[in-house]
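For reference, the structure discussed in these notes is given below.
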Amino acid sequence: EIIKMAVVKDMSLFELLEKAGPKLIRTKFGTENPEDSEYGSMCDVIIGKAMEGYVRAEYGNLWETHQCRPHAYGHTWSPGYEIPSGMLHGHAVGTCMGYGAYLAYDQGFITEEKFHRIMKLISDMELT
């Protein structure tokens, strides 16, 4: 969910995820290395920004009457192959996010550099 919000809605969150890197996963968002308070504070900001973005996106759609929301990113094609392929949900959504990023690049909506940054972030967070 956090990567979706970062890619679709919040560049500063995206940059924080890039800065935090794979350590974010290894330390369970900084909770397994409390001695690194600076990193823990950055993790708290990441969670806070993601939650704020999620709530803002959903506030006008409390009954989920439409899918025009940032966290729907990655759910375009993945429902068709997640279960048949035996993929974990997060991995299926991650591959769909990557494919969506590729299509956005291919159609000129994002630059090649942004495409590679998205792919690297998805990979660094072990979703592919």
Among the residues listed as Tyr73, Tyr99, Tyr105, the single one being in contact with a Lys or Arg (Cβ under 8 Å, 6 or more places away or on another chain) and at pLDDT 95 or above: Tyr105
Selection from region 1-22 of residues that are farther than 18 Å from Phe115 by Cβ, surrounded by fewer than 20 Cβ atoms within 10 Å (Cβ to Cβ) and within 10 Å of the chain's Cα centre (by Cα): Glu1
Cβ pairs under 7 Å, 6+ apart, first in region 26-51 and under 14 Å from Glu1 (Cα atoms), second hydrophobic (A, V, I, L, M, F, W, C) and at pLDDT below 95: Ile46/Ile2; Ile47/Phe29; Ala50/Ile2; Ala50/Met5
Residue among Ile118, Ile46, Ile25 that is β-branched (Val, Ile, Thr), surrounded by fewer than 16 Cβ atoms within 10 Å (Cβ to Cβ) and under 17 Å from the mean Cα position of the chain (by Cα): Ile25
Long-range neighbours under 7 Å by Cβ, at least six apart or interchain, first residue part of a helix (DSSP H, G or I) within region 66-85, second loosely packed, with under 14 Cβ neighbours inside 10 Å: Glu82/His89
From Pro79, Pro84, Pro34, residue being open to solvent by 60 Å² or more (accessible area, probe 1.4 Å), touching a Gly at 6+ places or on another chain (Cβ under 7 Å) and on the phi < 0 side of the Ramachandran plot: Pro34
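Residues of region 58-75 being open to solvent by less than 90 Å² (accessible area, probe 1.4 Å) and either in contact with a His (Cβ under 7 Å, 6 or more places away or on another chain) or among the hydroxyl-bearing types (Ser, Thr, Tyr) (or both), which ones?
Tyr73
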Residue list for region 30-65, filter: polar (S, T, N, Q) and not in a helix (DSSP H, G or I): Thr31, Asn33, Thr65
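The values are calculated or read from the model by the stated rules, or taken from the named source; none is laboratory data. No experiment lies behind these values; they were computed from the predicted model shown. A quick note on method: Cβ atoms are made from the backbone with ideal geometry, for glycine too, and the neighbour counts reach across all protein chains shown. Areas reflect the complete protein model, heavy atoms only, side chains present, ligands, DNA and RNA absent. Shrake-Rupley method; radii C 1.70, N 1.55, O 1.52, S 1.80 Å.
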